[in-house]
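The values are calculated or read from the model by the stated rules, or taken from the named source; none is laboratory data. Note that the coordinates shown come from a computational prediction; the quantities given were computed from them, not determined experimentally. We place every Cβ from the backbone using ideal geometry, glycine too, and count neighbours over all the protein chains shown.
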Amino acid sequence: MNVTLPNSPKEWHRKVWSLSWPMILANLTIPLVGVVDTAIMGRLPDPRYVGAIAVGVTIMNALYWMFGFLRMATTGLAAQALGADNLNELAAVALRAAMISLAIGLALILLQVPLNLLAFWLFEASDQVETLASAYFGIRIWGSPAMLLYMVELGVLFGLQQMRATLLISVILNVTNVLLDLLFVIGFGWGVEGVAYGTILSEWLAAGLGLIITVNAFKRSGRALAIPEHLFQRERLAALFHVSSNLIVRTFFVQLPFFMLTALGATLGDLVLAANAVLMQFFFIMAFGLDGFAHAAETLAGHAFGARDPERLRNASKFCALWAGIIACALSLIYAVLGPQLIDLLTLLPEVRETASQYLPWLIALPIISVWAFMFDGIFIGTTRTVELRNSMFVALAIYLIAIWLSFDRFANHGIWLSMSLFMVARSLLLALQYPRIEKLAAVRD
């Protein structure tokens, strides 16, 4: 498989952009689904519809993000196998992760009743919002095997630096979702259930297409996706479990503040819940856009780490961070200039527009605050330094919880957004302090 790392600054700029731009476009289609869902619900004559989608999507995202290790661990391990030119291990990484994803997806379907009860025990939304959100959850859960397999497929393709293939799959997933939402909700009048049905049909389509593309990527490398002899080797499985378990804990620590943002917002009333749902679309656009550079950092840093090349690891980190910082500043400027107009696009309700505008300054600042957390996440995931990730996220979460405890009663929703901002700053600083150790480890020869 002829994949090499750059040598000159010009080549690094070109390489970072060649990997990042497909992922930026692909990632931006992901929050666009939430934007369309929110916009469609925002045109119905009651904020409870927007609130129901906010709660339902938060629950499903929390579930999927808890299993985000499937994509992250697969990317890091696949990129390192590629850097070490070990195609047998590359195939084994893909097959192990695919089997685990399907098993977890089936378990989620079987456990949907207790998961539903637990999720809505954690929320204090109105009865009408909970009823609608529960119906959404009951439909969406049937797409979980497909969505988790799709994560694995993305992880393999990221590791192979096949970013344009991931763009194709992501665009088909999200464009299909948007079209089906419009058909089911606007055309058929199915409401919240229509949004859920549109999503699961899109997820199964994307998983099938991703499987075909991933198998073809292996064939182009000169090796079919056959079952390696060491697929179930205890040492390899133990390494996967070690990486995955740390990423599960890390993901829980990362996602808890986002879950609490919706849960605490719900206690302030349906109006604040709806306004936060609108503003979170700004955050998702920012996060998924900047993640294009984080994903480039994952595969480039993982490749350099697998090749035991600390100089190229440093260059991968430096050039990805440079371009991510530039784009973050551009996003903050866009939100500052066009923020009110963007809010108006997402809801027709004057009271929701007015409430969301009160908290817009937080979203203007967040791209510049958050970009470094995303970048270091990508570097640490690509090099599978998951213990450091887990521990750093624990400390960042503790800082967040202290901030919430001190600010929520006094500042209400402003306290929620303040605490989220401090959480992102803490993530960045804690990982930055530990980055030099990764370069030292990359210099160690096996």
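Of the residues in segment 116-134, none is closer than 21 Å to LEU247 by Cα, out of contact with any Leu (no Cβ under 6 Å at 6 or more places or on another chain) and in a helix (DSSP H, G or I). Might you check whether a residue that is within 21 Å of HIS295 (Cα to Cα), surrounded by 20 or more Cβ atoms within 10 Å (Cβ to Cβ), in contact (Cβ under 8 Å) with a residue 24 or more places away in the chain and in contact with a Lys or Arg (Cβ under 8 Å, 6 or more places away or on another chain) occurs anywhere in segment 158-178? Among the residues of segment 158-178, at least one is within 21 Å of HIS295 (Cα to Cα), surrounded by 20 or more Cβ atoms within 10 Å (Cβ to Cβ), in contact (Cβ under 8 Å) with a residue 24 or more places away in the chain and in contact with a Lys or Arg (Cβ under 8 Å, 6 or more places away or on another chain), which makes the answer yes.
Yes or no, residue by residue, for (1) in contact (Cβ under 8 Å) with a residue 12 or more places away in the chain; (2) out of contact with any Gly (no Cβ under 7 Å at 6 or more places or on another chain); (3) crowded, with 18+ Cβ neighbours inside 10 Å; (4) not aromatic (Phe, Trp, Tyr):
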site: MET99; (1), (2), (3), (4): no, yes, no, yes
site: LEU106; (1), (2), (3), (4): yes, yes, no, yes
site: VAL113; (1), (2), (3), (4): no, yes, no, yes
site: LEU122; (1), (2), (3), (4): yes, yes, no, yes
site: GLU130; (1), (2), (3), (4): yes, yes, yes, yes
site: SER134; (1), (2), (3), (4): yes, yes, yes, yes
site: SER144; (1), (2), (3), (4): yes, no, yes, yes
site: GLU153; (1), (2), (3), (4): yes, no, yes, yes
site: ILE186; (1), (2), (3), (4): yes, yes, no, yes
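If you go through segment 310-353 and keep only what is touching a helix residue (DSSP H, G or I) at 6+ places or on another chain (Cβ under 7 Å) and among the polar types (S, T, N, Q), you end up with ASN315, SER317, SER332, THR347.
Matching residues to (1) small (Gly, Ala, Ser); (2) farther than 30 Å from PRO22 by Cβ:
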{"site": "LEU118", "(1), (2)": "no, yes"}
{"site": "ILE169", "(1), (2)": "no, no"}
{"site": "LEU182", "(1), (2)": "no, no"}
{"site": "GLY189", "(1), (2)": "yes, yes"}
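Inside segment 254-273, residues that are outside any helix (DSSP H, G or I) and surrounded by 19 or more Cβ atoms within 10 Å (Cβ to Cβ) make up a count of 0.
Which of the residues spanning segment 184-212 are among the aliphatic types (A, V, I, L, M) and over 25 Å from ILE109 (Cβ atoms)? The one that is among the aliphatic types (A, V, I, L, M) and over 25 Å from ILE109 (Cβ atoms): ILE186.
Please verify whether segment 285-304 includes one or more residues that are surrounded by fewer than 24 Cβ atoms within 10 Å (Cβ to Cβ), outside any helix (DSSP H, G or I) and of a type in the set (Gly, Ala, Ser). No, the conditions are met nowhere in segment 285-304. When the residues of segment 201-219 are filtered to those that are at pLDDT 90 or above and aliphatic (A, V, I, L, M), the one that is surrounded by the most Cβ atoms within 10 Å (Cβ to Cβ) is ALA206.
Residues in segment 29-72 that are modelled with pLDDT under 65 and in a helix (DSSP H, G or I): how many? So the count comes out to 7.
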